[in-house]
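Trainee: Starting off with a structure, shown below.
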Amino acid sequence: MSRSEQAEFVVVANRLPVDRVVAPDGEESWRTSPGGLVAALEPMMRRVDGAWVGWAGQPDLELAPFTADGIRLIPIALSAEEIAEYYEGFSNDTIWPLYHDVIAPPQYHREWWDAYVRVNRRFAEAAAAACAKDGTIWVHDYQLQLAPAMIRELRPDVTIGYFHHIPFPAHGLYAQLPWRDQVLHGLLGADVIGFQRAQDATNFLAAVRRRLRHEVKASTVTKADGHSPLVKAFPISIDTAPYRELAQRPDIRARAAEIRAELGNPKRILLGVDRLDYTKGIRHRVKAYGELLEQGRISVEDVTFVQVASPSRERVDAYVHLRDEIELAVARINGDHDTTGHTAIRYLHQGFPREEMVALYLAADVMLVTALRDGMNLVAKEYVATRFDNRGALVLSEFTGAADELRQAVRVNPHDIEGLKEAIMTAIEMPASEQGRRMRSLRKRVLEHDVDAWSTSFLDALADARAKKARA
Ligand code: F6P
């Protein structure tokens, strides 16, 4: 890449902010990539003069860099085998379950690890080539844990940040990983290593101390070569503006009323919105809702449950099984309780545009976030940002990063089905005055700590690291 094409600021993430989609008739288009990472980074990237290195979501795509919505995109090609071994395999069938407290058993395969190393090097080389002298590279998430050290070796002049969007597990679990030391070395190549929760940073530092025997003082690791990365929590958030604006739009509010009417105008609508992932506790909430119907504590005429489960990682076995389990459970509950006029669970295995999501959030009286483990959970924050009317109740798992901040939610341990049922009933029966009191405080937190505040605090830490480097 010529010097004039290099950027001062380079983001490196597994996915580009857009995925290439090819229709059955061969026509190609670009669609916003799934997940919270893209949603969080896009607004900041529009403001800086930067480049984004990532995969375009399809096998064997050799694409030249291009610009979309004002962001310079540098696509990384992955072969079908690399997608199977690096993305579906090591990232999503080894690291993902291990880092989410082994909710599903992690698979350890040496050929997956080899592919992970190879692909991390490809991302690192592309980022190193794209970054201007003394520039900044910000690496994202568990798919690229080796990239920081690889970039550092190629480009010692560059300041490197790494942000980890998912949990970092306790040492007793982390120690299972056959490549535990290599991953720590990879991450420690960064100058600033950010986590969602203070507990994640503590777990990482404990692993660094125990495995590598590095000295750790006041969130700073001291390595033998003098490099001293800062390790800290930077809880991520959302861009609240589009949610606030859409929620006030008359057509979206009309759509919310229409959704309620389509569901038969029940007294209460419960809503779940997740990628179809075993970490999200969808089975647990379906079970709790089914038992409440079974016990006659609620009826389908009065309380409908809408579950949006967007398709995700559909070629990974654990996700295939999960889909079967959830769909069986939903069909059983609907079969037992539906009437010709009312359905118990309206299950939607689809993704929806943001406009429809905001209408759903506005239509929902109770938002159910029952993840068994979640780095942050931005759905909880989206619901809160949408509810400008200060109505609605949020049921929130204590095992999400969001629970550290959203103190006025109805907190729940989703493993405790009786407790979950009580929390759902509390939310269903919550008086409007209490909804208002809680929602005002939740909104204050989310609006004050938005994604801008998050990226600014991380970039400030990186600027400090750059200044420290210059002095050294
Ligand atoms: O934050 C977790 C994460 O894996 C992100 O890295 C990603 O953007 C999102 O979830 C969606 O996952 P995937 O890219 O595997 O579809």
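The values are calculated or read from the model by the stated rules, or taken from the named source; none is laboratory data. Computed from a prediction, not measured in an experiment: that's the story for all the values here. Ideal geometry is used to build each Cβ from the backbone, glycine not excepted, and the neighbour counts take in all protein chains shown.
Trainee: Restricting attention to the range 1-12, which residues are closer than 21 Å to LEU78 by Cβ and either away from the ligand (no atom under 16 Å from the Cβ) or of a type outside the set (Val, Ile, Thr) (or both)?
Mentor: Listed by number, the residues that qualify are MET1, VAL10.
Trainee: Regarding the range 80-87, can at least one residue be identified that is among the hydroxyl-bearing types (Ser, Thr, Tyr), more than 14 Å from the ligand (Cβ to nearest atom) and assigned by TED's automatic domain parsing to the domain that holds SER29? Lay out the reasoning, then the answer.
Mentor: Our first condition is that a residue be among the hydroxyl-bearing types (Ser, Thr, Tyr); within the range 80-87, this holds for 86-87.
Then keep just the ones that are more than 14 Å from the ligand (Cβ to nearest atom); that gives none.
No, the range 80-87 contains no residue that is among the hydroxyl-bearing types (Ser, Thr, Tyr), more than 14 Å from the ligand (Cβ to nearest atom) and assigned by TED's automatic domain parsing to the domain that holds SER29.
Trainee: Next question. Find the residue count for the range 207-260, including only residues that are in a loop (DSSP other than H, G, I, E, B) and on the phi < 0 side of the Ramachandran plot. Spell out how you get there, then give the answer.
Mentor: First pass over the range 207-260, keeping only residues in a loop (DSSP other than H, G, I, E, B): 213-214, 218-219, 223-229, 234-239, 249.
The next check asks that each one be on the phi < 0 side of the Ramachandran plot; those that pass are 214, 223-225, 227-229, 234-239, 249.
Final tally of qualifying residues: 14.
Trainee: Does ASP374 count as within 15 Å of the ligand (Cβ to nearest atom), of a type in the set (D, E, K, R), modelled with pLDDT of 95 or more and touching a helix residue (DSSP H, G or I) at 6+ places or on another chain (Cβ under 8 Å)? Give the steps one after another, and end with the answer.
Mentor: Details: within 15 Å of the ligand (Cβ to nearest atom): yes; of a type in the set (D, E, K, R): yes; modelled with pLDDT of 95 or more: yes; touching a helix residue (DSSP H, G or I) at 6+ places or on another chain (Cβ under 8 Å): yes.
It is true that ASP374 is within 15 Å of the ligand (Cβ to nearest atom), of a type in the set (D, E, K, R), modelled with pLDDT of 95 or more and touching a helix residue (DSSP H, G or I) at 6+ places or on another chain (Cβ under 8 Å).
Trainee: Hey, can you tell me all the residues within the range 388-433 that are in a loop (DSSP other than H, G, I, E, B) and touching a Gly at 6+ places or on another chain (Cβ under 6 Å)?
Mentor: Hits for the range 388-433 are ASN390, ASN413, PRO414.
Trainee: Within the range 117-135, can one find any residue that is within 16 Å of the ligand (Cβ to nearest atom) and assigned to a loop (DSSP other than H, G, I, E, B)? If you could, list the steps in order and put the result at the bottom.
Mentor: First pass over the range 117-135, keeping only residues within 16 Å of the ligand (Cβ to nearest atom): 119-120, 123.
Applying the additional criterion that residues be assigned to a loop (DSSP other than H, G, I, E, B) yields none.
Checked the range 117-135: no residue is within 16 Å of the ligand (Cβ to nearest atom) and assigned to a loop (DSSP other than H, G, I, E, B).
Trainee: Take the range 13-32 and flag every residue that is within 12 Å of the ligand (Cβ to nearest atom), modelled with pLDDT under 90 and closer than 18 Å to ASP60 by Cβ.
Mentor: If the condition is that a residue be within 12 Å of the ligand (Cβ to nearest atom), modelled with pLDDT under 90 and closer than 18 Å to ASP60 by Cβ, then ASP19 is the only one that fits.
Trainee: Can you confirm whether the range 12-23 contains a residue that is in the same structural domain as HIS164 (by TED's automatic domain parsing), among the aliphatic types (A, V, I, L, M), farther than 30 Å from ALA175 by Cβ and surrounded by 14 or more Cβ atoms within 10 Å (Cβ to Cβ)? It would help to see each step written out before you state the result.
Mentor: The initial filter retains those residues of the range 12-23 that are in the same structural domain as HIS164 (by TED's automatic domain parsing), namely 12-23.
Now drop any that are not among the aliphatic types (A, V, I, L, M), which leaves 12-13, 16, 18, 21-23.
Right, trim to farther than 30 Å from ALA175 by Cβ and you get 16, 18, 21-23.
Right, trim to surrounded by 14 or more Cβ atoms within 10 Å (Cβ to Cβ) and you get 16, 18.
Checked against the condition, which is being in the same structural domain as HIS164 (by TED's automatic domain parsing), among the aliphatic types (A, V, I, L, M), farther than 30 Å from ALA175 by Cβ and surrounded by 14 or more Cβ atoms within 10 Å (Cβ to Cβ), the range 12-23 yields at least one hit.
Trainee: Being assigned to a loop (DSSP other than H, G, I, E, B) and in contact with a Ser or Thr (Cβ under 6 Å, 6 or more places away or on another chain) is the requirement here; does ALA385 meet it?
Mentor: When the stated conditions are applied, ALA385 does not pass them.
Trainee: Pull up the range 153-172, narrow it to residues that are in a loop (DSSP other than H, G, I, E, B) and among the aliphatic types (A, V, I, L, M), then point me to the one that is nearest to the ligand (Cβ to nearest atom).
Mentor: ILE166
Trainee: Something else about it: From the set of residues in the range 274-301 that are in contact (Cβ under 8 Å) with a residue 60 or more places away in the chain and of a type in the set (D, E, K, R), which is nearest to the ligand (Cβ to nearest atom)?
Mentor: Going through the qualifying residues, I end up with ARG275.
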